[in-house]
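The values are calculated or read from the model by the stated rules, or taken from the named source; none is laboratory data. Predicted, not measured: the structure shown is a model, and the values here were computed from it. Neighbour counts are summed over all protein chains in view; Cβ atoms, including those assigned to glycine, are modelled from backbone coordinates with ideal geometry. Each accessible area value is taken on the protein alone, full model and side chains, heavy atoms only, with ligands, DNA and RNA left out. Shrake-Rupley method; radii C 1.70, N 1.55, O 1.52, S 1.80 Å.
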Amino acid sequence: MPESVSIREVGPRDGLQNENPIPTDAKVRLLDALSATGVRRIEAVSFVHPKAIPQMADADEVWRRVRREPGVRYSALVPNVRGAQRALAAGFTEIEVVVSASDTHNRRNVNRSTAESLDAIAELIALLHRAGAHAEVIVATSFGCPYEGDVDPRRVADIVDRVVADGADRVAFGDTTGMATPRRVRELVTEVRDRQAAIPVLLHFHNTRGTALANLLAALELGVTEFDASVGGLGGCPYAPGASGNVATEEVVHMLHDMGVRTGIDLDALLAAAALAEDLVGRRLPSGVLRAGPRSRLTAAGADRSG
């Protein structure tokens with residue numbers, strides 16, 4: 001079991017893009033609250049066309065107004081070269097781009113085939129590297145597609161081979177529909193590592209079928225140490241029917257701390273941020289830890305045994 005884990009908080013982008021739009025002030029408050037929890041990576045915004053994702057229409061304004069904590073790495077998601085140019089102009093040096101392992105999902109998402117997206121991503125990676133930025137390629141529907149069903153791990157590994165050859169600095173695997181199980185996690189991670197042992201890997205789990213924490217544990221046992229999570233369990237996917245929220249950050253932290261795995265995150269501060277997120281979106285969020293009282297959850301002081 002790893003001694004420590006790096007969690008990227010994706011609520012401000014992945015979480016909020018699947019909610020009704022909230023005011024810019026609210027987004028800034030949430031980002032600032034999360035920056036103060038001890039989390040070391042935050043996916044802050046995405047630079048997309050406002051007609052496609054109106055929830056992210058104020059990305060530039062949000063980023064100008066947030067309080068950027070020293071030691072926190074902030075990243076942005078972009079759909080194309082135009083989005084990358086906006087992210088670079090805003091000062092981001094860690095930029096993500098998504099391609100779906102499923103052709104059908106990719107067409108629903110960006111109106112291109114997977115192969116066409118990979119060609120465009122090669123150009124985007126070159127642009128980012130010329131600007132001194134890092135490129136992370138996220139492979140959506142890595143564990144299954146809402147339109148095509150099962151996705152062969154070899155197809156995902158083929159995509160990884162391509163983007164690594166094109167210069168990607170990191171890869172991530174999205175459980176877009178919540179179809180992942182520990183078996184699927186083991187098969188995918190093993191297939192990718194057999195081909196590309198050196199590339200940094202991050203896993204992004206949804207909890208649609210209640211398997212997110214089990215999947216995370218399976219990945220930990222394989223030595224994976226980087227994961228996405230979303231405060232309060234915010235999020236989903238607008239192009240994946242029935243896909244509910246991401247795994248909740250506070251549930252991940254609660255479990256890891258009890259297992260003696262360090263995250264560097266203050267659980268009490270994170271719970272306060274989750275309560276704020278619930279107020280801002282105006283609905284009850286799915287996190288079980290958020291619902292639990294003080295007698296039935298671990299406190300930050302008692303849970304992070306690493307000190």
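Which residue out of L220, L202, L216 is part of a helix (DSSP H, G or I), open to solvent by less than 10 Å² (accessible area, probe 1.4 Å) and within 20 Å of T37 (Cβ to Cβ)? It is L216.
Among the residues of segment 24-79, count how many are closer than 28 Å to L267 by Cβ and without any contact (Cβ under 8 Å) to a residue 12 or more places away in the chain. Residues in segment 24-79 being closer than 28 Å to L267 by Cβ and without any contact (Cβ under 8 Å) to a residue 12 or more places away in the chain: 2 in total. When the residues of segment 42-52 are filtered to those that are more than 11 Å from the chain's Cα centre (by Cα) and of a type in the set (G, A, S), the one that is least open to solvent (accessible area, probe 1.4 Å) is S46. If you filter segment 20-41 down to residues that are within 16 Å of the chain's Cα centre (by Cα) and not in a helix (DSSP H, G or I), you find that the one that is nearest to L202 (Cα to Cα) is R41. Quick one: in segment 263-284, of everything that is of a type in the set (A, V, I, L, M) and buried (at least 22 other Cβ atoms within 10 Å of the Cβ), which residue is farthest from E226 (Cα to Cα)? Top of the filtered list is A277. Scanning segment 14-41 for residues that are open to solvent by 20 Å² or more (accessible area, probe 1.4 Å) and touching an Asp or Glu at 6+ places or on another chain (Cβ under 6 Å) yields a single hit, T24. Any residue in segment 176-196 that is open to solvent by 50 Å² or more (accessible area, probe 1.4 Å) and outside any helix (DSSP H, G or I)? The answer is no; no qualifying residue exists.
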